[in-house]
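S.K.: Right, I'll just put the structure down here and ask away after.
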Amino acid sequence: MRILSWAYLVLIFVFILLPVVALVVFSFQDGRLPVPPLKGFTLKWYAEVIADRDLMAALWNSFIVAFGSSAVALVLGFLAASGLARVALPGSVVMRGVLIAPMTVSYLIIGLGLLQIFNKLGLRPSLLATGIGHVVINLPLCFSIIYAAMGEHQRNALRAARDLGAREWQVLALVSAPMLAPALAASFFLSVTFSWDEFIIAFLLTRFDITLPVEIWSMLRSGLSPKTNAIGSLVFLVSVAIVVTLELTLFRKPRP
Amino acid sequence: MSIERFERKQGAALVAPALLWTLAFFILPFAAMIWMSLAHLEGREIVTGPGLGNYVRIFSEPSLLRGIRVSLEISAIVTVVSVILAWPLAWIIATRVPPRWRRLALLLAVLPFWTSYVVRSYSWALVLGENGLVMQTLVQSGILDAPVQIMATRAATIIGFIHFFVMLLTLTIYSNLVQLSPNYARAAEDLGASRLQVIFLVILPLTLPGVMTGAFLTFVLCIGDYITPQILGGNSELTLPQLIMLQLGRRGDYPMASALAVVLMVLVTLAYAACARWLKMERV
């Protein structure tokens, strides 16, 4: 049983890690094809990535869309959660249902619907259009995380603040938001992650200014290339660095 | 004005922006898509006389009908195999790996999550190609005489999907396993159950809600994905999302694309209905 367990563990880890290891190793390939044999070590593909204007523009576009759309989703989600957690509104179950609904629909369908509406309205495919789409997919996420974090003590603290003369925006910004800081941070970073990596909505709703996943997609058309490996490895290594930093600092739980 | 009424008005004002956003950019486009699915193309013009022509075509044209079948088959295989591979992994990490290594093992098990989704599919193309790492190793070690074509077949799509969903399911099943009290296993052992009996008759059934939730998520995400089949499966066998994109790209046939999207929605809804009684979505 014990040997079997360890053998399984090794095998499945090989399966899980194999493509990523191949991706990173062959990004250093000194040759035109990222397949064995490994011909030597070079950093020239990374240099090409850094020098590639389109790629860097796409990186920047992704950055703007991810942070912009997540900020909007966070604010809308926070306000909605504050409103719904406060009192039993008539129809609040329906409202919650409507707010969560986009979570249950595939991104392709959301993108397709938006594409048709934007065509009608004359809004051209753009980063703005993509950002709107990303708010649609991230709003349910932000709303449900923040809503779940609100409890009875929240409501009491808010009432107390209001009784003491705080205005509505003061209650939200100075009392509610700080109390919910962990949930707000979690939903914001999750949103950024999803938006950053989202492909199909961005593919349908951008044309000239494109995001990173769409740019990588268009690089794939020219077949396998160590340059694609290099940009993929960069994204991977940066994300891992962020995750490890968060793991070691923010989310470090005291050992039981 | 009473406190209650005041709060109610405030509450409504706070919910309004998010609600309007969802109505304008989700509900409205969704309705427009359903309406569009009832239109049809004449030449390059979209004619919006409501009719079921597209749906009749979907269920009579072999190439379209085949897309539905291919999508269902791939998603079903991927879901089943991913659960079978992920469950032991989650169990080994939760019970066999020493506690201080557990977090590291879990982190390693989901490491490829942190590269982008498109890149992950690409990296399988890298490994599975005719002169890729896997084929070269197999040929050189004498297991295979010549490389076997995997890329641009259904097998490549399935492997790429399983890779992703094993990671996802390992997380959901693991979180389910660590919540179980060890007393269940102890009680069963005291009553004379063998190790395997404890696993299959006690622990496995207790994780069923988590497994079903994960399996449902897998099926839904899998059947709606365009990237993995397009990069790994190529054009050999088109899945439903690939057909939708093809209608858009090649002919600008929005009505047919919309009708296929509605079919996709219905399949997801049916899957939900099929396992609704096991699903506890709030656990995700």
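S.K.: Pairs under 7 Å by beta carbon, first residue of a type in the set (Asp, Glu) in the range A:212-223, partner open to solvent by 30 Å² or more (accessible area, probe 1.4 Å), six or more apart or different chains?
M.R.: A:GLU215/A:ASP54
S.K.: Picking from B:PHE164, B:PHE113, which residue would you name as being out of contact with any Asp or Glu (no Cβ under 7 Å at 6 or more places or on another chain) and touching a residue at least 60 places away in the same chain (Cβ under 8 Å)?
M.R.: B:PHE164
S.K.: Which residue, of B:ARG103, B:ARG120, is within 11 Å of another protein chain (Cβ to nearest Cβ), of a type in the set (D, E, K, R) and in contact with a Pro (Cβ under 7 Å, 6 or more places away or on another chain)?
M.R.: B:ARG120 is the lone residue from the list that is within 11 Å of another protein chain (Cβ to nearest Cβ), of a type in the set (D, E, K, R) and in contact with a Pro (Cβ under 7 Å, 6 or more places away or on another chain).
S.K.: Quick check, is B:THR157 surrounded by fewer than 22 Cβ atoms within 10 Å (Cβ to Cβ), more than 10 Å from every other protein chain (Cβ to nearest Cβ) and modelled with pLDDT of 90 or more?
M.R.: no
S.K.: A follow-up question, please. Out of all the residues in the range B:233-258, which are part of a helix (DSSP H, G or I), farther than 13 Å from B:SER71 by Cα and within 11 Å of chain A (Cβ to nearest Cβ)?
M.R.: B:MET245, B:GLN247, B:LEU248, B:GLY249, B:TYR254, B:PRO255, B:ALA257, B:SER258
S.K.: If you don't mind, another one. Check off (1) more than 14 Å from every other protein chain (Cβ to nearest Cβ); (2) under 29 Å from the mean Cα position of the chain (by Cα); (3) loosely packed, with under 15 Cβ neighbours inside 10 Å for B:ILE77 and give me the number that stays unchecked.
M.R.: Status for B:ILE77: all satisfied but (3).
S.K.: Please note which helices (runs of 4 or more DSSP H) are completely contained in the range B:1-98 and include at least 1 residues that are more than 29 Å from B:PHE216 (Cα to Cα) and of a type outside the set (Lys, Arg).
M.R.: It comes to B:3-22, B:53-58.
S.K.: When you scan the range B:190-217, how many residues do you find that are under 25 Å from B:TYR272 (Cβ atoms) and part of a helix (DSSP H, G or I)?
M.R.: 13
S.K.: Check B:ILE231 against each of (1) in contact with a Phe, Trp or Tyr (Cβ under 9 Å, 6 or more places away or on another chain); (2) without any contact (Cβ under 8 Å) to a residue 24 or more places away in the chain and name the one condition it does not meet.
M.R.: (2)
S.K.: Would you confirm whether or not the range B:103-117 contains a residue that is more than 29 Å from A:LEU237 (Cβ to Cβ) and either of a type in the set (Asp, Glu) or open to solvent by 30 Å² or more (accessible area, probe 1.4 Å) (or both)?
M.R.: No.
S.K.: Restricting to the range B:131-154, name every residue that is within 14 Å of chain A (Cβ to nearest Cβ), in a loop (DSSP other than H, G, I, E, B) and surrounded by fewer than 15 Cβ atoms within 10 Å (Cβ to Cβ).
M.R.: B:ASN131, B:SER141
S.K.: Okay, moving on. Specify the residue that is nearest to B:ALA259 (Cα to Cα); the eligible residues are those in the range B:35-49 that are out of contact with any Gly (no Cβ under 9 Å at 6 or more places or on another chain) and exposed (fewer than 15 other Cβ atoms within 10 Å of the Cβ).
M.R.: Looking at the filtered set, the residue picked out is B:TRP35.
S.K.: From A:SER187, A:SER233, A:SER218, A:SER176, which residue is open to solvent by less than 30 Å² (accessible area, probe 1.4 Å) and under 30 Å from A:GLY113 (Cβ atoms)?
M.R.: None of the other options fit; the residue is A:SER187.
S.K.: Could you run through the range B:218-232 and say how many residues are part of a helix (DSSP H, G or I), within 11 Å of chain A (Cβ to nearest Cβ) and under 16 Å from B:THR269 (Cβ atoms)?
M.R.: Qualifying residue count for the region: 4.
S.K.: Taking the stated definitions as given, is B:ILE93 closer than 27 Å to B:VAL220 by Cα and more than 7 Å from chain A (Cβ to nearest Cβ)?
M.R.: yes
S.K.: Follow-up question, since we're still on this one. May I ask you to list the residues in the range A:185-234 that are within 8 Å of another protein chain (Cβ to nearest Cβ) and not in a helix (DSSP H, G or I)?
M.R.: A:PHE199, A:LEU224
The values are calculated or read from the model by the stated rules, or taken from the named source; none is laboratory data. Because the structure is a prediction, the values reported are computed rather than measured. All Cβ positions, glycine included, derive from the backbone under ideal geometry; neighbour counts span all protein chains shown. Ligands, DNA and RNA are stripped out before the accessible areas are found, and what is left, the full protein with its side chains, is counted by its heavy atoms. Shrake-Rupley method; radii C 1.70, N 1.55, O 1.52, S 1.80 Å.
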